[in-house]
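The values are calculated or read from the model by the stated rules, or taken from the named source; none is laboratory data. Just so it is clear, the model here is predicted, and its values are computed rather than measured. Positions of Cβ are generated from backbone atoms using ideal geometry, with glycine treated the same way; all protein chains shown enter the neighbour counts.
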Amino acid sequence: MAAVSFKVNGKPVSVDADPSTPMLWVLRDHLGMTGTKYGCGVAQCGTCTVHMNGDPVRSCQVPLESASGAEITTIEGLSASNNHPLQQLWSELNVAQCGYCQAGVLMAAAALLKAKPTPTDDDIDTYVNNICRCGTYPRVRDAIHKAARQLRS
Amino acid sequence: MGTQRKISRRQFVVSTAAVGGGMAIGIAVGGDALAAYADRNPWQLPDKAGVAEFTPWLTIGPDDIVTVRVANPDIGNGIITKHAMTVTEELECDWNKVKVEFASVNRDYLEKGIYSTGGPLSYFSGRSTAPGRQQLYLQVAASARERLKLAAAQTWNVPVGEIEAKKSVLTHRSSGRTLRYGEVASRAAAIKLDAEPKPKPESEWTFLGKASPAKIQIPLITKGAATFGMDVRQPNMLYAALLQSPVHGGKLKSHDADKIKNMPGVRGVIVVDPSEPRRPAQELKSPFPLGLSAAQHGVAVIADHYWQAKRALDALPVEWDDGPGAQWKSTEQLNKAAYDALQKEGSKIEKSRGNAVELMAKASKVVEASYLTPYCDHVTMEPMNGTCIVTGDRVDLWHPSQHTLQAMYIAAEETGLTLDKVHVHQTWVGSAFGRRVYGDDARMVVAVAKKMPGRPIQVIWSREESIRQGRFRALMAAKIKAGLGPDGLPMAWIAYASGGKGFSMRGMHDGAYATDGGVIPNVLVTSETLNTHILTGPYRGPGYNSSAFFIETFTDECALAAGIDPLEYRLRLYAKWPDEGYTKCLKEVQAKSSWGKALPKGMGQGVAISNWGMAGKPEAGTTVAAVATVEVSKKGELLIHAIDVAFDTGRIVNQDEVAAQVEGGVIYGLNMTLNEGLNVKDGRIVEGNYDEYPMLRIGDIPKKINVHFGGLSNHGRFGEIGEPPVGPIGPAVGNAIFRAIGKRLRTTPFREHDLSWS
């Protein structure tokens, strides 16, 4: 096994592990970054969403071997000090309940706002299709729309 | 506005995200929100030097930080925020200087139940608004405030009556001198009061019931810092992947560890054998019977990393002896057994009042129908897991428990250590809904870890393992028969219920219909338990989440037979019930949903009302009424336009958090009703992941979930809000579907029904 080199939140890392290891477990178990969560392992729930070269991906489906040279952004790197508009609105609008799925929701929402600064409800339905068992969806939607307004102004 | 996705039985929408790149966002608008807070590791640690403990529940540090110890795990329902608010109200401290941590159950044991003695406090779980617990925090805070004032008075040598406490500052009114709480905390903590001060009357509250702070752990969540169970990292930690007998109660027949021992990272294969003797070193008086968390036959692979453990477990040859559970070949067989059991009076009489059988024969109109709700799993977002190290004289368990104290007793029984040697560290919890109360997850974690003593082991159940080894909401069925009187209301009511082992009758025999003094004068309720092997446990509103569907769907059928509008019918029924909250809730949703408005064919409104927590009494528990406004396309796709909800908890303390819990409860109720149902094949649970056990996504929920506050009676109680909303949602939607297309749905999940019409 040869080590695979890539960047996480701007920092170069090199991981020597089974090349089939999903990025989810690389982040959590090899790099000790536990902000990215395991929910289903089959790309259903979106709890493990990170950005890979700017695009949101379900990290349970990204084998280590495919990440060579990639730039990965995790929830720990979404902003410098918990100050992405989404992160702040999450507190302001009391969005999270248990919070376990929310890193994935935030990463999906942040990617949506980058791609579509004025997202419609349909855009949110399509791109932020994560599962939240607590049922935070109404507040997730409100926070995304409000963040979009903040980012535009 | 976008359009809501329609739900049909053939097509559940599963879309994938693929968003193009863009510019990085980098707007600095401040750091973490300023508010009360908790640490990423929320469990209680020894106090730092200089921190003054006023009681085991409350400390104040030289930096003014007030630490509130909480004996309820926060599973996303805002419990710690509520307790922090309660303390802030009486302590007159700065909200931004309040910290919360989870109380240590080890200390609770060593200090003879300081966190768990008496009344509702014996429950390291459940609700924050339990009167005893709210009162306790008010008293603790009032006492600390008075001691701080006395300490300031002593420092300045002035009468205590001249001291004002506000925002963590003590002020001598006439001289204007000030001291921070932290400056006198040590002196204050040493003061013993002659008499405990009385907390101020509720009419003088300025924070409780007035402010609506967001959950204080949200800043930790949004930066990925909150330590959930699976996020625990210990030095030299290994990972275990676990597989339990696919048929509950089955046994491990054989496995071939040699086949995988050379796979990368594998450190060992461990067998969990429930028949091995467990010899508790002392008598264990656990909150729940320890048998509810009995170990299951299982096998675990331990490896350096979880992915290695999982791959090796998948490759491990394993044979099971399925045991008697395999007799249940199919879901249909189970359902038939449940329906068959309804054909005669059940062996257990749950409630008998008046003369229902005789009057039924005399009734001018009789309504009868049978209903069934299936096994359901909580599918908590965080799969079952835990981290444990067992040594000769100590066990440490880091666990996303819903009942920390229960987990401690389980760890003691499983290891044979005495309770003083058991240290359970309560982590953040990736949702629970009842799943993590009995503690079978804690049990299996300790059972694995004790076989590799001296090493911390993190045991992870895959999503498939978590679902198939759930402690499910039990299968339940009911046949209800009502004899209507001249006024169209039931004068006699007979309900036979049946269910898989562990099912609960809550709501069937102790609701406003059947209970003593209830609105129906003659009642017979019986039950019959099937000989099932499938393991069950509490699931958001146990029993109630089925009984509300049965009773409220049936009430609609009675209203139809009587020719009375279903909402009006319920108003007439509850006019006889001495709790005005029911009527208030009904009238609130009637007004707010524009009940009765003309709708085209294919659209309809349905209503339902239920109460969780009343235990047979008026002005108790929480009443929730809901109106669903739905549209069904000719192809049979269901579109829920709006859910209007009103509730009566008596009073509330945090309006926005209550709204959040109701919204979530509505969505939970929708999932339960539209989507959820486990299937059984040869004794095994069929579904293993979200592709087979679908959950509503953001585009699937009604665009309008309207939470109304006009149902509140202002009765003196603070009822709970987590469980109650799940009750009326399903029947309200089902009743709306009936009004839309004339099809009556008597079983869930609704997605299995063909709703097409012409």
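Observations
- Filtered residues of the range B:310-354 (kept if under 30 Å from B:Ile494 (Cβ atoms), in a strand (DSSP E or B) and of a type in the set (Val, Ile, Thr)): B:Ile349
- Residues in the range B:716-758 that are of a type in the set (Phe, Trp, Tyr) and within 29 Å of B:Pro73 (Cβ to Cβ): B:Phe718 alone.
- Residue within the range B:680-702 that is away from chain A (no Cβ under 11 Å) and among the polar types (S, T, N, Q) present: no
- Look at (1) closer than 30 Å to A:Ser20 by Cβ; (2) surrounded by 24 or more Cβ atoms within 10 Å (Cβ to Cβ); (3) touching a Ser or Thr at 6+ places or on another chain (Cβ under 7 Å) and you find that B:Lys215 fails only one, number (1).
- Identity of the residue in the range A:92-104, touching an Asp or Glu at 6+ places or on another chain (Cβ under 8 Å) and surrounded by fewer than 24 Cβ atoms within 10 Å (Cβ to Cβ), that ends up nearest to the other protein chains (Cβ to nearest Cβ): A:Asn94
- Selection of first residues in the range B:363-383 that are within 14 Å of another protein chain (Cβ to nearest Cβ) and part of a loop (DSSP other than H, G, I, E, B) and of second residues that are among the β-branched types (Val, Ile, Thr) and crowded, with 24+ Cβ neighbours inside 10 Å, restricted to Cβ pairs under 6 Å at least 6 apart or on distinct chains, gives the following pairs, ordered by first then second residue: B:Asp377/B:Ile467.
- Selection of the range B:267-296 for residues being among the polar types (S, T, N, Q) and either in contact with a strand residue (DSSP E or B) (Cβ under 6 Å, 6 or more places away or on another chain) or in a loop (DSSP other than H, G, I, E, B) (or both) yields B:Ser275, B:Gln282, B:Ser286, B:Gln296.
- In the range B:151-190, the residue that is farthest from the chain's Cα centre (by Cα) out of those that are part of a strand (DSSP E or B) and of a type outside the set (Val, Ile, Thr) is B:His172.
- Screening A:Val50 with (1) in a loop (DSSP other than H, G, I, E, B); (2) crowded, with 24+ Cβ neighbours inside 10 Å; (3) more than 7 Å from every other protein chain (Cβ to nearest Cβ) gives one miss only, at (1).
- Residue within the range B:361-372 that is polar (S, T, N, Q) and within 20 Å of the chain's Cα centre (by Cα) present: no
- Every residue from the range B:576-612 that is among the aliphatic types (A, V, I, L, M) and farther than 26 Å from B:Arg744 by Cβ: B:Ala591
- Filter pass, B:His297 being outside the structural domain of B:Asn522 (by TED's automatic domain parsing), under 32 Å from the mean Cα position of the chain (by Cα) and touching a residue at least 60 places away in the same chain (Cβ under 8 Å): no
- Inside the range B:276-297, residues that are touching a Ser or Thr at 6+ places or on another chain (Cβ under 8 Å) and within 30 Å of B:Lys253 (Cβ to Cβ) make up a count of 2.
- All positions within the range A:72-89 that are at the interface with another protein chain (Cβ under 8 Å from one of its Cβ atoms), over 23 Å from A:Arg141 (Cβ atoms) and among the aliphatic types (A, V, I, L, M): A:Ala80
- Some residue of the range B:711-727 being closer than 21 Å to B:Ser593 by Cβ and assigned to a helix (DSSP H, G or I): yes
- Taking every residue in the range B:556-584 that is outside the structural domain of B:Gly616 (by TED's automatic domain parsing) and pairing it with any residue that is surrounded by 17 or more Cβ atoms within 10 Å (Cβ to Cβ) and acidic (Asp, Glu), at least 6 positions away or on another chain, yields no pair with a Cβ-Cβ distance below 6 Å.
- Test result for B:Gly224, assigned to a loop (DSSP other than H, G, I, E, B) and touching a residue at least 12 places away in the same chain (Cβ under 8 Å): no
- Flag for A:Gly69 being more than 7 Å from chain B (Cβ to nearest Cβ) and assigned to a helix (DSSP H, G or I): no
- Qualifying positions in the range B:422-464 - within 14 Å of chain A (Cβ to nearest Cβ), farther than 30 Å from B:Gly543 by Cα and part of a strand (DSSP E or B): B:Ile457, B:Gln458, B:Val459
- Across the range B:227-247, the qualifying residues are those that are part of a helix (DSSP H, G or I) and out of contact with any His (no Cβ under 9 Å at 6 or more places or on another chain), and the one among them that is farthest from the other protein chains (Cβ to nearest Cβ) is B:Met230.
- Single residue of the range A:1-39 satisfying the filter (loosely packed, with under 15 Cβ neighbours inside 10 Å and not in a loop (DSSP other than H, G, I, E, B)) that is nearest to the chain's Cα centre (by Cα): A:Lys11
- Among residues of the range A:105-117 that are more than 7 Å from chain B (Cβ to nearest Cβ), those with a beta-carbon under 6 Å from a residue that is polar (S, T, N, Q) and surrounded by 24 or more Cβ atoms within 10 Å (Cβ to Cβ) at least six positions away or on a different chain give the pairs A:Val105/A:Asn130; A:Met107/A:Thr49.
So that you can scan it fast, the table gives a plain yes or no per residue for (1) in contact with a Ser or Thr (Cβ under 8 Å, 6 or more places away or on another chain); (2) buried (at least 24 other Cβ atoms within 10 Å of the Cβ):
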| residue | (1), (2) |
| --- | --- |
| B:Lys592 | no, no |
| B:Gly602 | yes, no |
| B:Gly606 | no, yes |
| B:Asn611 | yes, yes |
| B:Gly616 | yes, no |
| B:Ala626 | no, yes |
| B:Val630 | no, yes |
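- For the range A:125-137, the condition of being more than 8 Å from chain B (Cβ to nearest Cβ) and charged (D, E, K, R) holds for none of the residues.
- Residues in the range B:333-340 include none that are closer than 17 Å to B:Val523 by Cβ, in the same structural domain as B:Trp493 (by TED's automatic domain parsing) and surrounded by fewer than 18 Cβ atoms within 10 Å (Cβ to Cβ).
- Selection from the range A:7-58 of residues that are under 22 Å from B:Gln234 (Cα atoms) and in contact (Cβ under 8 Å) with a residue 60 or more places away in the chain: A:Gly35, A:Thr36, A:Lys37, A:Gly39
Per-residue answers, yes or no, for (1) in the same structural domain as B:Asn77 (by TED's automatic domain parsing); (2) touching a strand residue (DSSP E or B) at 6+ places or on another chain (Cβ under 8 Å); (3) under 17 Å from A:Gly135 (Cβ atoms); (4) not polar (S, T, N, Q):
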| residue | (1), (2), (3), (4) |
| --- | --- |
| B:Phe709 | no, yes, no, yes |
| B:Gly722 | no, no, yes, yes |
| B:Asn735 | no, yes, no, no |
| B:Lys743 | no, no, no, yes |
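- Residues that are assigned to a loop (DSSP other than H, G, I, E, B), crowded, with 24+ Cβ neighbours inside 10 Å, touching a residue at least 12 places away in the same chain (Cβ under 8 Å) and not assigned by TED's automatic domain parsing to the domain that holds B:Ile270 do not occur anywhere in the range B:197-208.
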